[in-house]
Amino acid sequence: MPEPPRSGTLTPLVVVDAANVVGSVPDGWWRDRPGATRRLRDRLAAAVAQGRVAGVDTPLELVLVVEGAARGVEPVAGVRVLAASGSGDDAIVSLVAAEGRARGVVVVTADRELRARVTAEGAATVGPRGL
């Protein structure tokens, strides 16, 4: 797993493309998108508590970007939830552009176009299996 490029003393940021990660496992998520997203959020919170997410050691900040039917998913300890007002991909790119160069970012997604966009902003990427 790639460590995010680090600059300064800010904690690294791990951004998870919720729709893409949830959709990567054919477990019936399409019947209950908010429920599937909550289960992902809870698994991520447990990983943060254990000290490592997507190849990044804690301390880190984890942001789960949600869109569509999952917009109502609430944050929990260790996981900030960002509800995209439009495209989740656009929200992720904006977040990386705003915070990435100063602190180092890893984006978790299998979306090739999104990976190219965030890499151009200086982020590292891992696929959903990297979680």
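What the table shows:
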| read-out | value |
| --- | --- |
| Residues that are touching a Leu at 6+ places or on another chain (Cβ under 7 Å) and either within 17 Å of residue 72 (Cβ to Cβ) or polar (S, T, N, Q) (or both), drawn from region 17-39 | 18, 22 |
| Some residue of region 80-103 being of a type in the set (Ser, Thr, Tyr), modelled with pLDDT under 95 and over 29 Å from residue 31 (Cβ atoms) | no |
| Boolean, residue 79 is under 19 Å from residue 122 (Cα atoms) and of a type in the set (A, V, I, L, M) | no |
| Sole exception among (1) closer than 14 Å to residue 125 by Cα; (2) surrounded by fewer than 21 Cβ atoms within 10 Å (Cβ to Cβ); (3) modelled with pLDDT of 90 or more for residue 3, by number | (3) |
| Odd one out for residue 108, checked against (1) within 14 Å of the chain's Cα centre (by Cα); (2) farther than 15 Å from residue 17 by Cβ | (2) |
| Unique match (being at pLDDT below 90 and among the small types (Gly, Ala, Ser)) among 54, 69, 47 | 54 |
| Residues satisfying the stated conditions in region 40-55, i.e. under 18 Å from residue 20 (Cβ atoms) and in contact with a Leu (Cβ under 9 Å, 6 or more places away or on another chain) | 40, 41, 43, 44, 47, 53, 54 |
| Residue selected from region 119-131 under the condition in a helix (DSSP H, G or I) and out of contact with any Asp or Glu (no Cβ under 9 Å at 6 or more places or on another chain), by the criterion surrounded by the most Cβ atoms within 10 Å (Cβ to Cβ) | 130 |
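To keep it simple, each residue is scored yes or no on (1) closer than 28 Å to residue 35 by Cβ; (2) of a type in the set (Ser, Thr, Tyr); (3) in contact (Cβ under 8 Å) with a residue 40 or more places away in the chain.
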{"site": "69", "(1), (2), (3)": "yes, no, no"}
{"site": "83", "(1), (2), (3)": "yes, no, no"}
{"site": "94", "(1), (2), (3)": "yes, yes, no"}
{"site": "99", "(1), (2), (3)": "no, no, yes"}
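The values are calculated or read from the model by the stated rules, or taken from the named source; none is laboratory data. Worth saying up front: this structure is predicted, and the values here are computed from it rather than measured. Note that we place each Cβ from the backbone using ideal geometry, even for glycine, and neighbour counts take in every protein chain shown.
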